[in-house]
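Below: the structure, in structure tokens.
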Amino acid sequence: STPTAPTVTRSSPTGTPTNSTSQVISYGGLEAGASAQCKLDGAAAAPCAASPVTLNSLSSGTHSFSVTQSDAAGNVSSAGAVSWVVDVTPPPTPIVSGPSGTYGLTTASVAYSNSESGVTFQCKLDSAAYSACLPSPISLTGLGNGSHTYFVIATDPAGNVSSAGTATWTVDP
């Protein structure tokens, strides 16, 4: 009889999309005496390396890895498979708008956006640490005299981080 499809799992990393160009894949469920054939994307199937298999130098895009088993009588199983997306491209720099030049108030409104969907934003004022942004536009209060810069970075679902978008102005009431 035809053997069952092997179990195939991504063990490191497990998320998709991911910004990792390496992937560890485990397979199991082979019958005694069976041989495993592995296939990455559109490549020809070839004898599998021992589980877990480590793939390196993966390009951006969608990948699939499948495993079939052949028993001693030559019966071939259906494929067990996993698929995932590699994304190594940072999102665009956020667009940040706020006061500019010399500004006479100690309050300011700063807005930000990004053209890539699904990003999360981290913000900071001057030398503070980055933290999750409040929804745009943000109202800043209690600004001291002098130069201020508001920074916004975007992180995409794969974990890629953009360059910082900024708005800079000088408070001089």
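Report the full-extension gain for the segment Asp41 to Val85: residue separation times 0.36 nm, less the Cα-Cα distance, to one decimal in nm.
14.7 nm
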message = With every protein chain kept in place and ligands, DNA and RNA left out, what is the accessible area per residue of the chain? Probe 1.4 Å, answer in Å².
response = 51 Å²
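Rounding to the nearest 20 debye, state how big the charge dipole of the chain is about its Cα centre with +1 on each Lys and Arg Cβ and -1 on each Asp and Glu Cβ.
In total the dipole reaches around 60 debye.
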query = Taking the Cα-to-Cβ direction at Ser163 and at Leu55 and moving 7 Å from each Cα, how far apart do the two end points lie in nm?
reply = 3.2 nm
remark   = For mean projected area of the Cα convex hull in nm², with candidates [x] 12.4; [y] 16.2; [z] 13.0, the value calculated from the shown model is option [x]
task = Note the full-extension length gain between Ser115 and Asp172 as 0.36 nm times their separation in residues minus their Cα-Cα distance, in nm to one decimal.
result = 17.2 nm
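Can you tell me the relative contact order of the chain? Whole percent, Cα pairs under 8 Å, sequence separation 6 or more.
With pairs under 8 Å counted, the relative contact order is 22 percent.
The values are calculated or read from the model by the stated rules, or taken from the named source; none is laboratory data. In this text the structure is predicted, and so the values were computed from the model without any measurement. Methodologically, a virtual Cβ is constructed for each residue, glycine included, from the backbone with ideal geometry; neighbour enumeration extends over all protein chains shown. Accessible surface is based on the protein model in full, side chains and every heavy atom, while ligands, DNA and RNA are left aside. Shrake-Rupley method; radii C 1.70, N 1.55, O 1.52, S 1.80 Å.
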